[in-house]
Each structure stands twice: as C-alpha cells, then as structure tokens.
1. Quick one: in region 42-59, which of the residues that are more than 14 Å from the ligand (Cβ to nearest atom) and surrounded by fewer than 10 Cβ atoms within 10 Å (Cβ to Cβ) is nearest to the chain's Cα centre (by Cα)?
2. Hey, can you tell me all the residues within region 2-41 that are surrounded by fewer than 11 Cβ atoms within 10 Å (Cβ to Cβ) and within 13 Å of the ligand (Cβ to nearest atom)?
Amino acid sequence: MKLYLDFQPCQECNTMMAGLSSPEMLFADPKTRADESAKFLRHLTYNHNEVVQAVIDDLPKQKRDQEFDFFK
Ligand SMILES: [Zn+2]
C-alpha cells in the first residue's frame, strides 16, 4: 500500500526516512527493512497523531475505490 502523507516531518522523521531510502536499507534483508519501517510507523503513531488520523480517514475511501475497480 502506498500512502501519500501531507505533514511536517520532524528531524527524527527526516533521519528515518533518509535511512529507509538509503542504499544500505534497500539492499538489507526483509526483516531489517520491516523492523525499520515498524520503527518509523511507531514514531508516527506517538509523535504525529494527525498523520495516523489522516490514514484512518483515508482507508474507507481507498477500499471503495478498490471495490469499484473490481466490479468494472
Ligand atoms: Zn517525526
């Protein structure tokens, strides 16, 4: 799932996002990548509540879009 988030990343966010898209991480094993993603999501949950809320608000809409595609 791809999320387009509109929020102000803090310094920690920037560091983690840079880490997640770094070549080291792109070639890391899936477990390490999953751990790093989870760490970032945890940070968002605790420090950027508006992001989590935006994702939750957006989910039903995405589901509707998918169902629409399915019935086309
Ligand atoms: Zn942050």
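Values in this text are rule-based calculations from the coordinates and carry no lab data. Remember, predicted model here, so these are calculated numbers, not experimental data. When we count neighbours, we look across all protein chains shown, and the Cβ atoms used for this are built from the backbone with ideal geometry, even at glycine.
1. Looking at the filtered set, the residue picked out is I56.
2. Scanning region 2-41 gives Q8, Q11, N14, A18.
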